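A.B. asks: Take a look at the following structure, please.
Just so it is clear, none of the values below were taken in a lab; they were calculated from the coordinates. These figures come from a predicted structure and were not determined experimentally. Heads up, the Cβs are rebuilt from the backbone with ideal geometry, glycines too, and the neighbour counts pull from every protein chain shown.
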Amino acid sequence: MSSTTTLRAPNQLVLKGKALHEALANPRCLFLLDSIFKRGPLTVKQIAEAAALSQRDVDSLLAVAVDAELIAYSSGLYSLTVLGEKRIAFGSTSFEFLVGAKLVADPAALANALRNEYKIKNLIGIGATSYTFLAEQSGTHRDRALKIFIPGTVTYERLDEALRKRAQITGDVAVPEIVDAGQVMIRCPDGRSHITACVALEYVSNSQTFAEFLKSQENLSPRVFQRFVERVGGALAAIELVGLSHGDLHERNILVAKRASYGGTQDFWVIDFIGVPSTSSPEMDVPSDMENFRNHLLRAAVVACERYPGYSVRLLLGENVFRVLEGLRNEAYRSFSELLEDFHRSRLPIPQDYFRAPLPEPFEWLRVEFIPSAEWLYRLFEPVPSRFETIARFGNTWLSGPRGCGKSHYLRVLAFHPQVIVEAAKNQELNQKLKSINYDFKRAFGILFACRLGEFKPFAPDVMRRTTFDSETKAFLKHILILKIWNKTLQTIKEGLECCEDETNRSVLAPPTNSTHLIQFFEDRLGSMAVMEDPTAESVFLQCLAACSARENSAVAVWPDAARRKSGRLLDEADLDQFFRVVKQTFPDLTETRFYILVDDASYGHIHFEMQKLLNSLVRAVQANHCFKITCEKYMYTLDTADGRAIDPRHEVTYVDLGEVSTKAQRETAVDLSEYMARVIDSRLRAAGYKSEIRAILGRSQDAREFLAALSVPGSRRPKKGERAAPKAPRPRAYYAGWNIVWSLAHGSIRTLLELVEYIFRKSKASQETDGIALKVQDSAVRSYSNLHYKALSMLPGAIDGEPIGPRLQGVISAIGEMSRQYLERYETGEKGRWYETISLERLDRRRLPQGAQNILDELVKYGLLLDEGITFSRAQFGLLPRYDMNKIFAPAFQTTYRVRNHIYVTRNRFVELLSKPDKFVSRHRRKLDELADRRRTKVKGQPPQGLLFEENSATE
Amino acid sequence: MLQNERAPAEWDFSIRSAPGLAVCAGGFERRSVAFASRLRKGRFWTERSLILRYENPPATENEANFLRVKRRMHLLCRSEPESITVSDDRSVQSSQEIQSRIGELAKRISSRTAIIDISGMTHLFAVSCLHACLVSGLRTTIAYSEAKSYFPSKAMWRKVVRAWRTREYEGSRRFLQSAGLKAVHIPPEFAGNFRPGHQTCLIVLAGHEPNRVEGLVDDYAPGALIVLYGVSPHPHLRWRTQLSKELHSDLFSQWPVREGEVSTLGVGEILEALTEEFRTIRDQYDVAIASQCSKMQAVASYLFWRRHPEVQLIFTSPVCFNPKRYSRGVGRTFQYDVS
């Protein structure tokens, strides 16, 4: 990605001083320098003879050496510069023979002698000015890094001065301590003796260089880079503060070593720092500490980006490290103190008034997403106990129902909300509420996936120009799903760790005491984890979370391209439950819990059917520690799994249809809907500060007979030209008003009821003190609301066969409403005080519909315009048949009944006609109704009117 | 690195230009053929050309303009112009096909430059073309022809606002440029990065199709919204910003929302505005951008995504366009060098 590209370019900075490195790396050039060192200034010809090279080659070598300021040209002669002399002189002394020897200094014979005795084990580094050995300190038997300076490079006085300055560095600085320093006399095999300075330092054992570390760790988190800045930058800042510089911060001088303090975490060390420059001369052009630091960080960032293709560098490095890197690239820092200050600078929070917050009006929180806090989520939750008990039970559950029935609310209260737990400790009412729904995260720990946010949308086979996923892609997508569940779980736990009780400052979830199992679990499945040292106990856990999150995001970015997918073990169903087992082992508060994965709105549109199948595969797997709870809309979720099996909703999972709450057909599970809905509204009214309850405010509805009698009076006909208008009798009024009618019109949808009540309140200008609203006022508001709702249908999103879906669905609803009105006005039931009340369609057969009609039906049900009442016993005694009710909210728009008493019976063909050509359907039925009305007037003895209607209906099919 | 942040300059058709690849589309608007028509044979030639051919409605207008563009490119292209059939009904799939085709063509051209005329392209297809060219290493120039005027016209201002506010949907449908939202598209390459535990803030670059935005916001359900209303570079069209605000005024009452204005043409200015918002909210929110206004805003959103790949780009398609009430005539053609 572009971020990697941009990081690569500045890497060229590492090549600064290239000329010097090239010159010293070239053996011919070194030979040439050696010749001048031994013989003194030479001409080109002499050099060419000595090196047995052509003059052209010599000219080119000399040009390189002059460029690197190793050789100077004067009066036809080439001589060594001070820099050149030193480079050659140091190269002539070797201390490699010391390996295996004991280094002892005699204080009597030598001023400032080294105090301890060291047995030299290995040569671990050769620098421009020193040899570094691994040595064992006699007496303590501890390993030390023993640095012996090449004679003539660093005097003891200079070393002493540096050590005094170095002693001012205090605190936890990532630089090994100096254990011993002094002079030693070294006798060389060639007989020469050298008195030279020597330093013994704390040895960083069990370590890797930073580069090796990055290469070896398969999972990196921002903490690696943060710790790099803290430790390495911190050490360099401390060094800088006492007036020194490291001067030789090359790759091998930054180590990452395991710390013994906490569960195998690792930390950075800056080694080879004494206080005197490690370069041979001050003239030498070497990168500054700042440049070296920048280059290391850049290189690390490039490695990380390549490890996680498609993942943002900013997220990968962490905000503060990314900022520092930007600063380094722009040369914004003059010192490491400035750099660290910028690193620790906290981000400004979003200003208070940055977003215009919606008014705190509980009646407008029509969707759970609008509810502004988790606390309100519980305070406003009024479940149907029998349904909630089923949903809250451990086990896989699908939860469907019409839009606005509250299924998301049922699901979301099962999620772990640490703030609510803290609040409940102070708030008795909330505490009671939690108790009433048996909320206990130690028993049931809910992890919520809100699927609306485009998180699952891109996973569609169209991307691969296919209709289904191939088997490799399925496996990879399952891997992604499992990573997502892991990460969401870890994030939810993190919230529990970060949320503290006010008084005790104790977190809701106790931090893990030992994360070994968790790290081991991840390493077994994802490869080695770079876990860095951190003073806070939960840090290890957070690093695992960050590494997994990076892994997930990178996998998401590359999934359509098989070639870019990271090879390695893909996660499967077994890893999911195993993960929860490990989480239970890690967190003391969760040892007894079972995990509920709450997938809110997994309907098609948010998750593709093919992706739903993968989710179903996870659901279907055997699991002891977790279960899935999924909300979806009817017809918008498949019950198939990725391997082609079908899930049986009766045996393998629990299926709850909240729409059944309002269906009388489900008598054995029926609830007192009026009571239930009043409770829902009253809780909102209380929250909004209203004094009266909804039933008192809306009052009693008109008697049903009175209402229907008024409603069934045909509309007044305009008199024909020349005809005198008949004198008007006062027309009875039918009021869509009063609690009974209002809640019925909501047709089981809490959202519709809330909207409707809110609309009535707004139209009647009700205040918190209002204790009653006149029926007439309510009626006007309800009719207006219903009309608006009906008109809005034409703007519904979506298309069928390239045509906007809205007008087509509106046409069907209009046809049903129109027919209902016609029946109410014109059909004689033959019984006084009884009308033909129908907003319900009952099919006379179960034959499949053509695809086009089925699509329209699905959309009608999806948008809750027709309520699928399931398979019910036919009133026409035809056995079990499907029934669909028009949403009652449209009843006022058509001035028809809000009750389901009678049905419109339709065969397949008539039903198809209704769905595809609603106008034709209406005219056919109107004609038939005219005929029935005529026959009614001349009725045949013994034939009941209702039977007549039905008989006629079936006869015409 | 994408460095060019200048505002688009007017295209100088008198200057010679010879890109390796030219990509155009025969859209339903008249301006979709303007760029190809204005190019002169002696001053412009290209090694390869690719024309997007829409198979979705409005089919008559799309097809007629496709043929016009094809005829022009036949004169200007050294090889036979190639075409690719795309459809708004399968946007993501078409986007992938466009990218793959441009990738193939890019391998066969010697001049590593491309010109994309986005005037007849949907936002998603314009961004897909641009992305494909940049990924293929082509130095890319965007050509954009503005329309003479856009709907709704000033005369309809009050009517359309009244119709929309009073939910007179029939009226709204008559006045608005398209008929509501059909689908939301999030191609995987622009899917961004989600951090667990972070809410998403949706930045909407709003135009004059509140029906489309309403569907999008309802479907996406973000944690917060930033709505940036487009400001035309033409003083005589500035009133449209106010119209846009009035059309959207009731849509966001349920969300934490922030409103502002941004140019419809100046890519630099759009990038600045996005950067400013992003800087403030990025810690707390994951960010998604839905460009619903001008095509140059879609280009700017894409360039912003290049800098911040953690951002998600969202595209929408309407149920259908109202070709007779979308735009009228052709204005100037602009050019914008992306790399």
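A.B. asks: Tell me, in nm to one decimal, what length is gained between A:Asp440 and A:Gln168 on full extension, where the rule is 0.36 nm per residue of separation less the Cα-Cα distance?
C.D. replies: Answer, rounded to one decimal: 92.5 nm.
A.B. asks: Only loop residues by DSSP count here, and only those with at most 15 other Cβ atoms within 10 Å; note down the trypsin sites (Lys or Arg not before Pro) in the stretch A:108-152 that meet that.
C.D. replies: A:Arg115
A.B. asks: Among the trypsin sites (Lys or Arg not before Pro) in the stretch A:753-831, which ones are in a DSSP loop with at most 12 other Cβ atoms within 10 Å of the Cβ? Mind listing them?
C.D. replies: A:Lys765
A.B. asks: Taking the beta-carbon count within 10 Å as an exposure proxy, list A:Ser60, A:Ser567 from fewest neighbours to most.
C.D. replies: Ascending Cβ contact count within 10 Å gives the list A:Ser567, A:Ser60.
A.B. asks: Could you state the angle between the C-alpha long axis of helix B:267-281 and the longest principal axis of the C-alpha atoms of chain B, as a value from 0 to 90 degrees rounded to the nearest 10?
C.D. replies: Once rounded, the angle reads 40 degrees.
A.B. asks: Nearest 10 degrees, 0 to 90: what angle lies between the long axis of helix A:55-67 and the longest principal axis of chain A (Cα atoms)?
C.D. replies: Relative to chain A, helix A:55-67 is tipped by roughly 70 degrees.
A.B. asks: Need one number: % antiparallel among DSSP beta bridges in chain A, to the nearest 5. Don't jump to the answer; show the numbers that get you there.
C.D. replies: Details: 57 of 85 bridges.
If we restrict to bridges inside chain A, about 65 percent are antiparallel.
A.B. asks: Let me ask something else. Can you tell me what the convex hull of the Cα atoms of chain B projects to on average, as an area in nm²?
C.D. replies: Over all viewing directions, chain B projects a mean Cα-hull area of 15.7 nm².
A.B. asks: Still on this structure, I have one more. I'd like to know which of A:Gly327, A:Phe343, A:Val368 lies farthest towards the positive end of the charge dipole of the stretch A:325-399, counting +1 on Cβ of Lys and Arg and -1 on Cβ of Asp and Glu.
C.D. replies: With unit charges placed on the Cβ atoms, the residue in question is A:Val368.
A.B. asks: Using a simple charge model, +1 on the beta-carbon of Lys and Arg, -1 on the beta-carbon of Asp and Glu, nothing else, what dipole does the protein assembly as shown show about its Cα centre, in debye to the nearest 20?
C.D. replies: On the way: 175 positive and 152 negative charges, 1291 e Å.
Using Cβ point charges on Lys, Arg, Asp and Glu, the protein assembly as shown gives about 6200 debye.
A.B. asks: Lys/Arg Cβ at +1, Asp/Glu Cβ at -1, dipole of the protein assembly as shown taken about the Cα centre: which of A:Pro882, A:Thr593, A:Asn253 is farthest positive-ward?
C.D. replies: A:Pro882
A.B. asks: If you fit an axis through the alpha-carbon atoms of helix B:123-135 and take the longest principal axis of the Cα set of chain B, what angle between them do you get, 0 to 90°, nearest 10?
C.D. replies: Around 50 degrees separate the two axes.
A.B. asks: Also: I want to check a number: in the stretch A:441-543, how many lysine pairs have alpha carbons closer than 25 Å, given a sequence separation of 8 or more or different chains?
C.D. replies: Lysine pairs meeting the criterion: 12.
A.B. asks: Kindly count the pairs of lysines across chain B whose alpha carbons are less than 30 Å apart, treating pairs on different chains or eight or more residues apart as eligible.
C.D. replies: Lysine pairs meeting the criterion: 29.
A.B. asks: Sticking with the crude label model, points 7 Å out along Cα→Cβ, report the distance from B:Arg68 to A:Arg142 in nm, one decimal please.
C.D. replies: Taking the two extended label points, one gets 8.6 nm.
A.B. asks: Sticking with this one: Mind listing P(r) for the stretch B:30-100? All alpha-carbon pairs, 10 Å bins, whole percents.
C.D. replies: It works out to 20, 46, 29, 4, in whole percents.
A.B. asks: Test of understanding: what is the full-extension gain from A:Glu769 to A:Leu110, defined as 0.36 nm times their sequence separation minus their Cα-Cα distance?
C.D. replies: 227.3 nm is the gain from fully extending A:Glu769 to A:Leu110.
A.B. asks: Taking the Cα centre of the stretch B:133-269 as origin and charging only Cβ (+1 Lys, Arg; -1 Asp, Glu), how large is the dipole, in debye to the nearest 20?
C.D. replies: Once rounded to the nearest 20, the dipole reads 460 debye.
A.B. asks: While we're here: What net charge do the residues around A:Val184 carry, taking every other residue with its C-beta under 14 Å from that of A:Val184, with Lys and Arg at +1 and Asp and Glu at -1?
C.D. replies: Taking every other residue near A:Val184 into account, the sum is +3.
A.B. asks: Computed over the Cα atoms, what is the radius of gyration of the stretch A:338-427 divided by 2.2 N^0.38 Å, N being its residue count?
C.D. replies: Expressed relative to 2.2 N^0.38 Å, the Cα Rg reads 1.54.
A.B. asks: Less than 12 Å Cβ to Cβ from A:Lys917, Lys/Arg counted +1 and Asp/Glu -1: what total charge do the surrounding residues give?
C.D. replies: That sum, taken over residues with Cβ under 12 Å, equals +2.
A.B. asks: Say the dipole of the protein assembly as shown comes from +1 at the beta carbon of Lys and Arg and -1 at that of Asp and Glu; which of A:Leu775, A:Phe388, B:Pro188 then lies farthest toward its positive end?
C.D. replies: Going by the Cα projections, it comes out as A:Leu775.
A.B. asks: Evaluate peptide A:796-807: per residue, the Cβ atoms of other protein chains within 10 Å of its Cβ; return the mean as an integer.
C.D. replies: Numbers: counts 5, 16, 6, 11, 1, 0, 8, 4, 8, 4, 6, 5.
Mean inter-chain Cβ contacts per residue within 10 Å come to 6.
A.B. asks: State, to one decimal in nm, how far the label point of A:Ser674 lies from the label point of B:Ser153, with both points 7 Å from Cα in the Cβ direction.
C.D. replies: Result: 5.7 nm between the two label points.
A.B. asks: Give, as a single signed number, the net charge of other residues whose beta carbon lies under 13 Å from the beta carbon of A:Phe761, with Lys and Arg counted +1 and Asp and Glu -1.
C.D. replies: -2
A.B. asks: Now a separate question. Take B:Asp337 and B:Ser253, extend 7 Å from each Cα along the Cα→Cβ direction, and tell me the distance between the two endpoints in nm.
C.D. replies: Here the answer is 5.0 nm between the modelled labels.
A.B. asks: Sorted from fewest to most neighbouring beta carbons within 10 Å, what does the list B:Ser111, A:Ser54 look like? List each step's numbers first, then the result.
C.D. replies: Numbers: B:Ser111 14, A:Ser54 10.
The most exposed by this proxy come first: A:Ser54, B:Ser111.
A.B. asks: So which trypsin sites (Lys or Arg not before Pro) in the stretch A:293-360 pass both tests, a DSSP loop state and at most 14 other Cβ atoms within 10 Å of the Cβ?
C.D. replies: Answer by residue number: A:Arg334, A:Arg345, A:Arg347.
A.B. asks: Between A:His517 and A:Asn787, how high is the FRET efficiency from 1/(1 + (r/R0)^6) when r is the Cβ-Cβ distance and R₀ = 45 Å? Nearest 0.05.
C.D. replies: 0.10
A.B. asks: On to the next question. Hey, got the Cα dimensions of chain A along the principal axes, in Å, largest first?
C.D. replies: Largest first, chain A extends 140, 65, 52 Å along its Cα principal axes.
A.B. asks: With +1 on the Cβ of every Lys and Arg and -1 on the Cβ of every Asp and Glu, and nothing else charged, how large is the dipole of the stretch A:260-410 about its Cα centre, in debye rounded to the nearest 20?
C.D. replies: 960 debye
A.B. asks: Suppose only helical runs count, i.e. DSSP H with n ≥ 4. What mean residue ellipticity at 222 nm does that imply for chain A under -39500 (n - 2.57) per run, divided by all residues and rounded to the nearest 500 deg cm²/dmol?
C.D. replies: My calculation for chain A gives -13000 deg cm²/dmol from helical runs alone.
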